[in-house]
1. Need the failing condition index for GLY83 against (1) surrounded by 15 or more Cβ atoms within 10 Å (Cβ to Cβ); (2) within 19 Å of GLY20 (Cβ to Cβ); (3) of a type outside the set (Ser, Thr, Tyr); (4) over 13 Å from the mean Cα position of the chain (by Cα), just the number.
2. Show the residue pairs that are 6+ apart or on different chains and have beta-carbon atoms under 7 Å apart, the first residue being within the stretch 146-171 and on the phi < 0 side of the Ramachandran plot, the second being assigned to a strand (DSSP E or B) and among the hydroxyl-bearing types (Ser, Thr, Tyr).
3. Can you tell me which residue within the stretch 86-107, out of those that are over 12 Å from the mean Cα position of the chain (by Cα) and of a type in the set (A, V, I, L, M, F, W, C), is farthest from ASP170 (Cα to Cα)?
4. Given the conditions (1) over 18 Å from the mean Cα position of the chain (by Cα); (2) surrounded by 15 or more Cβ atoms within 10 Å (Cβ to Cβ); (3) of a type outside the set (Phe, Trp, Tyr), report the number of the one that GLU184 does not fulfil.
5. Counting just the residues of the stretch 198-223 that are of a type in the set (D, E, K, R) and assigned to a helix (DSSP H, G or I), which one comes out surrounded by the most Cβ atoms within 10 Å (Cβ to Cβ)?
6. Is it the case, given these coordinates, that LEU37 is at pLDDT 95 or above, closer than 21 Å to THR144 by Cβ and in a helix (DSSP H, G or I)?
7. Go through (1) touching a residue at least 24 places away in the same chain (Cβ under 8 Å); (2) assigned to a helix (DSSP H, G or I) and name the single condition PHE84 misses.
8. Does ASP170 qualify as being surrounded by fewer than 10 Cβ atoms within 10 Å (Cβ to Cβ), within 17 Å of SER126 (Cα to Cα) and not β-branched (Val, Ile, Thr)?
Amino acid sequence: MMKNQIEKFMTPRLYALASGIGRGASLADIGTDHAYLPIYLAQNGIIKSAVAADINRGPLLRAEENIRDFGLQEKIKTVLSNGFLSVDENSFDTGVVAGMGGLLISEILKRAPRGKRYILQPMKSSPDLHEFLFLNGFRIENETLAKEGNKFYNIISVCDGEKKPFKPIDLYLNDCLKEDPLFEEYKKHLLKKIKKKTDGILKSLNPDTGLLKYFSALSEQIANY
């Protein structure tokens, strides 16, 4: 890879993640894969250092090769790690946990050091991740959207906060998203997903009326948000 070519590997999802990283941050990128995100951030002078971590040796070897190609060995270190377990908590102030399911991100956060800022991007089960955040004292600082093809991605910035009560709608939408250019399109996407679920319930021999009522109320709240 040539030094000026990192942009060709960046996607809308990765750019959205990058936009949530504060200038001068020390980064820990969990599930780094090819290390494109820390390479982009380091090359553009946004971060002062990074730890690129992955649970699998294969992706980590690819990351190390890419980091060498860009001459960023001094700024980006790699570590084989299950979540944050082998990452020195003093080496970062901002953690990225992206490109995996919301339930797995929740499990990783259970064992992550507190007092840090985290940027989270679930590939699925976003409502489950939001529920985990509310129940475990994480405060959502900001949330944005990215879209690739027909797929939407939530990019959630969190820090320490307090456990707080929540309503079903809070697991899907919040006021941060109202400012996002993709907001109205995302609402339509959510409504289509819920309709698909209700259609599936209605096809069953004994439809769960309680669940149908829940999704009906949720659809109305999303449409009017």
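1. Condition not satisfied by GLY83: (2).
2. Pairs that qualify, where the first residue is on the phi < 0 side of the Ramachandran plot and the partner is assigned to a strand (DSSP E or B) and among the hydroxyl-bearing types (Ser, Thr, Tyr), are ALA146/TYR153; ILE155/THR144; VAL158/TYR118.
3. Initial filter on the stretch 86-107 (over 12 Å from the mean Cα position of the chain (by Cα)): 86-94, 107.
Cutting the leftovers down to of a type in the set (A, V, I, L, M, F, W, C) gives us 87, 92.
Values: VAL87: 32, PHE92: 30 Å.
Taking the candidates together, the pick is VAL87.
4. (2)
5. Taking the stretch 198-223 and keeping what is of a type in the set (D, E, K, R), we get 199, 203, 208, 213, 220.
Then keep just the ones that are assigned to a helix (DSSP H, G or I); that gives 199, 203, 213, 220.
On the way: ASP199: 9, LYS203: 8, LYS213: 10, GLU220: 12.
Checked the stretch 198-223; the qualifying residue surrounded by the most Cβ atoms within 10 Å (Cβ to Cβ) is GLU220.
6. Working: at pLDDT 95 or above: yes; closer than 21 Å to THR144 by Cβ: yes; in a helix (DSSP H, G or I): yes.
Criteria met by LEU37.
7. Only one criterion is unmet by PHE84, namely (2).
8. Values: surrounded by fewer than 10 Cβ atoms within 10 Å (Cβ to Cβ): no; within 17 Å of SER126 (Cα to Cα): yes; not β-branched (Val, Ile, Thr): yes.
Judged against the criteria, ASP170 is not a match.
The values are calculated or read from the model by the stated rules, or taken from the named source; none is laboratory data. Quick caveat, the model's predicted, so the values are computed rather than measured. A quick note on method: Cβ atoms are made from the backbone with ideal geometry, for glycine too, and the neighbour counts reach across all protein chains shown.
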